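The values are calculated or read from the model by the stated rules, or taken from the named source; none is laboratory data. These numbers come from a predicted model, not from an experiment. Here the Cβ positions follow ideal geometry from the backbone for every residue, glycine too, while neighbour counts run over all protein chains shown.
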Amino acid sequence: MRGHFITFEGGEGSGKSTHAATLAAHLKSAGIEVVLTREPGGSPGAEIIRHIILSGIAKPLGSETEAILFAAARDDHVNNTIRPALEAGKWVICDRFIDSTRVYQGVLGNVDGKLIRGLERVTVGDCWPELTFMLDVPAAVGLARAKSRRGKAAADRFESESVEFHEQLRTAYRALADREPKRIIVVDGRAPRDIVAERIWNTVQMRLHPGLEHLEAETATGE
């Protein structure tokens, strides 16, 4: 049986990585095999491209070039990590995926939608996420969290953008969620961490695995 594919999206400091890891741990506790991954990155070739993108050295080349670099990383990631895991019946939890490219490069970078969609067809194929959680926080809140998280380290390519950029990013994400409400679930990332995690878990049980709660109970009792 093919596994399930869930992605997490949102602005900088919205809690994507935290809640992707929390969900992965919850699934593992229920006896489910999980691959927790990220973009850009998630495979050896993609991790090399991640360094190029986040260092900012490709920024002067423009948004189209960045979109193509993301696509190259995604192609390696899908072929070497995501697809093999799904075909093996594992669940894949990914921190960022196609929606990040649609928003960062497509909307804010003004890259032609035809190019974005063409790159998706080539790189993603049949590996589309079934469920996406969009963690929504005001830009100022997210950037403050990101700054606290990185400490004295320098901001990366996207964290270094202005508050105005990140507010536009938030608006673009919400518009995308409005267009695809069946796949994209908007979650208020300002809520306490356990409340956010509970909503995500309940949604996963309801949408992808109605028997998950029972499975978890059996795992906990050793039955």
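Given the conditions (1) in contact (Cβ under 8 Å) with a residue 24 or more places away in the chain; (2) out of contact with any Asp or Glu (no Cβ under 6 Å at 6 or more places or on another chain), report the number of the one that K152 does not fulfil.
(1)
Taking segment 43-68 on its own, how many of its residues are farther than 27 Å from T171 by Cα and surrounded by 19 or more Cβ atoms within 10 Å (Cβ to Cβ)?
Total meeting the criteria: 3.
Kindly indicate whether any position in segment 106-129 is in contact with a Ser or Thr (Cβ under 8 Å, 6 or more places away or on another chain), closer than 20 Å to L208 by Cβ and in contact (Cβ under 8 Å) with a residue 40 or more places away in the chain.
There is at least one residue in segment 106-129 that is in contact with a Ser or Thr (Cβ under 8 Å, 6 or more places away or on another chain), closer than 20 Å to L208 by Cβ and in contact (Cβ under 8 Å) with a residue 40 or more places away in the chain.
For residues that are assigned to a loop (DSSP other than H, G, I, E, B) and modelled with pLDDT under 95, scanning just segment 183-211, find the one that is nearest to the chain's Cα centre (by Cα). Lay out the reasoning, then the answer.
Applying the first criterion (assigned to a loop (DSSP other than H, G, I, E, B)) to segment 183-211 yields 183, 189-192, 208-211.
Those left that are additionally modelled with pLDDT under 95: 189-192, 208-211.
On the way: G189: 14, R190: 18, A191: 19, P192: 20, L208: 18, H209: 20, P210: 23, G211: 25 Å.
Restricting to residues being assigned to a loop (DSSP other than H, G, I, E, B) and modelled with pLDDT under 95, the top hit is G189.
Looking only at segment 1-28, count every residue that is over 22 Å from A71 (Cα atoms), among the hydroxyl-bearing types (S, T, Y) and surrounded by 23 or more Cβ atoms within 10 Å (Cβ to Cβ) and tell me the total.
Result for segment 1-28: 1.
Given (1) within 22 Å of E167 (Cα to Cα); (2) surrounded by fewer than 23 Cβ atoms within 10 Å (Cβ to Cβ); (3) in contact (Cβ under 8 Å) with a residue 60 or more places away in the chain, identify the lone condition not met by G31.
Result: G31 passes all but (1).
Within segment 108-125, count every residue that is surrounded by fewer than 20 Cβ atoms within 10 Å (Cβ to Cβ), touching a helix residue (DSSP H, G or I) at 6+ places or on another chain (Cβ under 8 Å) and closer than 23 Å to N79 by Cα.
Residues in segment 108-125 being surrounded by fewer than 20 Cβ atoms within 10 Å (Cβ to Cβ), touching a helix residue (DSSP H, G or I) at 6+ places or on another chain (Cβ under 8 Å) and closer than 23 Å to N79 by Cα: 5 in total.
Say whether the condition of being touching a strand residue (DSSP E or B) at 6+ places or on another chain (Cβ under 6 Å) and aliphatic (A, V, I, L, M) is met by at least one residue in segment 36-47.
Taking every residue of segment 36-47 in turn, at least one turns out to be touching a strand residue (DSSP E or B) at 6+ places or on another chain (Cβ under 6 Å) and aliphatic (A, V, I, L, M).
Counting only residues that are touching a residue at least 12 places away in the same chain (Cβ under 8 Å) and in a helix (DSSP H, G or I), how many does segment 1-28 have? Explain how you work it out, then say what you get.
Taking segment 1-28 and keeping what is touching a residue at least 12 places away in the same chain (Cβ under 8 Å), we get 1-24, 26-27.
Pick out the ones that are also in a helix (DSSP H, G or I) and you get 16-24, 26-27.
Here the count works out to 11.
With the requirement that a residue be surrounded by 20 or more Cβ atoms within 10 Å (Cβ to Cβ) and either small (G, A, S) or closer than 17 Å to A172 by Cβ (or both), what does segment 87-107 give you?
The answer is R96, F97, I98, D99, S100, T101, R102, V103, Y104, Q105, G106.
Can you run down the residue pairs with Cβ atoms below 7 Å, 6 or more apart or on separate chains, where the first is in segment 171-184 and under 21 Å from A139 (Cα atoms) and the partner is of a type in the set (K, R) and assigned to a helix (DSSP H, G or I)?
Close Cβ pairs (under 7 Å, with a partner that is of a type in the set (K, R) and assigned to a helix (DSSP H, G or I)) amount to L176/R102.
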